[in-house]
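Beneath this line is the structure, given in structure tokens, with notes to follow.
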Amino acid sequence: MEQNSTNANVAKKWYTSLINRWRNLRHQRPIVAAMAILLVAGGYFFVQSSFALSEPLPLGSLNFNGTPANCPAGGYTCSSFTVSCPEVTLAEQGSLAIAPGQGTPKGLVMFFTGGRGNTWWTDSGKAIDPEGFLGELRAKGYTTVQVKWNDWLSAKKNAPGTPGPARLGCRPATIVNYVHDTYYQPLGVTPEGVGQCGFCITGNSGGSSQVAYTISYYGLEDILDAVIPTEGPPHSVLEKACLRTPGEEAYWYDSLRNYIDQGFGYFGKQGPCVNYDESFRARWNETSVSTGGSDYFHPNTRVHFIYSTDGMRANGGDYVNRLFSEGSPYVIREDAAAGTPHNIMESPDGRTKLMAAILYGSTEAGSGSVPPPTTSPPPPPASPPPSVPPAEQDTQSPNVTISSPANQSSVSGVVTIAATATDNTGVVKLEIYINRVIVAAVTDGSISYDWDTAAYSSGSHSIYVRAYDAAGNTSNSNVVVNK
């Protein structure tokens, strides 16, 4: 394991990264850039770890296999599936419950439950009228989707020390990607503002880890308008949670230690978290939400935290701070009223805050329902850097067309993926992704790739084509195929 970079080197790399982002219109957020540069100048450093990923982890593959034994009331259509993920020995069984919104579609919201995720969201604990909560959203035009697992955060049959919760995060990330492509995109919804649902996901406690891994490790920010973690994520900074380091008492876990270890293939209370094993420090950091991910700069995704207990404020707070330090412009953190239980839906205030977070920016939200970010960035500079070329004033994104294969088609053998892109100033790069992993790239507006499906498992697979123009504007097109 390489040693962490010195503060000076980190600051230099960070400053260079900020300038590069500024030169790319897609990342041009002057307020955020000014905030980050001032933080560097003021001596504040968030030291990036040498174990951080350089690119998102790959998604898994899905197989649908009937219907679950029970389905929530309220007009839901339910289906059962298994998801297989790289480096995870066992496929995980899950269930989807989908209920369409009424009237004109406004968006789609996915709900994940805490712990092992093995209950429907409407059956979770002592929540105050969760069915009414989702019914209210559907009445406003939002499709609601509940996800239930057998046990999303257990690594049964894996060798001890593997794969870690970040790799298990492939499970929720894969189903999020599938729901976006299969159910959200056909709605034809275009949110009016950045961070408005749209396509949004939320989860409480362990559910908040599920939704956080989708953007920190799996690169799904491009499809997510908002991610709403409540009371977490508990997997934010496992080193602090598992080790009894003096001065970090607010981070310490007790009852959750065994859950953490099971994500690394340790059972029977023999794992490193239960036993405060300092030699496991690097593995914890490699797989924690706030330390080992591939991306913490989310220029077009609102990440909205709601907290009720001190322990989760500390652990989740490290993730909040990481997002702020990396310059994510739409981060909101708020606290529920005193006395709100760990499941925020068990209090009227927590319930109200979650509804407001989902309806953020919409006409139904009203004014003043969501507070501003807890850390306000400084004013923007008077003018952009002089090196910004005139082409960056272009704000028109390319238009991408996938000519083959067709959406929802069945594929086998070698399949040609073909796509073209056009733009008012010209396309400078075109990329093909299969299950969010890049497989081909060219520097013009036409691309073709022969995909050997024999190397992929049976089930659904997502094909994305992303285009870039000279100003940094991007756009995507995608199809879902079945093998």
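The values are calculated or read from the model by the stated rules, or taken from the named source; none is laboratory data. Keep in mind the model is a prediction, meaning the values are calculated, not measured. Quick reminder, even Gly has a Cβ in these numbers, built from the backbone with ideal geometry, and neighbours come from all protein chains shown. For the accessible areas, the whole protein counts, side chains as well, though only heavy atoms, and no ligand, DNA or RNA atoms are used. Shrake-Rupley method; radii C 1.70, N 1.55, O 1.52, S 1.80 Å.
Observations, loosely collected:
- In the assembled protein chains, residue 456 presents an accessible area of approximately 60 Å² (probe radius 1.4 Å).
- Extension reserve of the residue 446-residue 119 stretch, reckoned as 0.36 nm per residue once the Cα distance is removed: 113.1 nm
- Above-threshold pairs, the threshold being 30 Å between Cα atoms, out of 140/429; 240/429; 157/240; 148/269: 140/429; 240/429
- On a per residue basis, the convex hull of the C-alpha atoms belonging to region 401-452 measures out at 78 Å³.
- Peptide ranges 307-319, 63-75 listed from the most packed, as the mean C-beta count within 10 angstrom indicates: 307-319, 63-75
- Extended-chain gain in nm, criterion 0.36 nm per residue less alpha-carbon gap, residue 55 and residue 89: 10.0 nm
- Under 20 Å from a label point set 7 Å out along the Cα-to-Cβ vector of residue 412, the amide N atoms of region 437-466 belong to 450-462.
- Rg over Rh [alpha-carbon atoms, Kirkwood Rh] for region 437-483: 1.02
- Percent carbon-and-sulfur accessible area, region 60-179, ignoring ligands, DNA and RNA, probe 1.4 Å: 50
- The residue 77 and residue 128 beta-carbon pair, evaluated with R₀ = 25 Å, returns a calculated FRET efficiency of approximately 0.45.
- Distance between the modelled labels on residue 104 and residue 404, one decimal in nanometres: 4.0 nm (7 Å Cα→Cβ projection).
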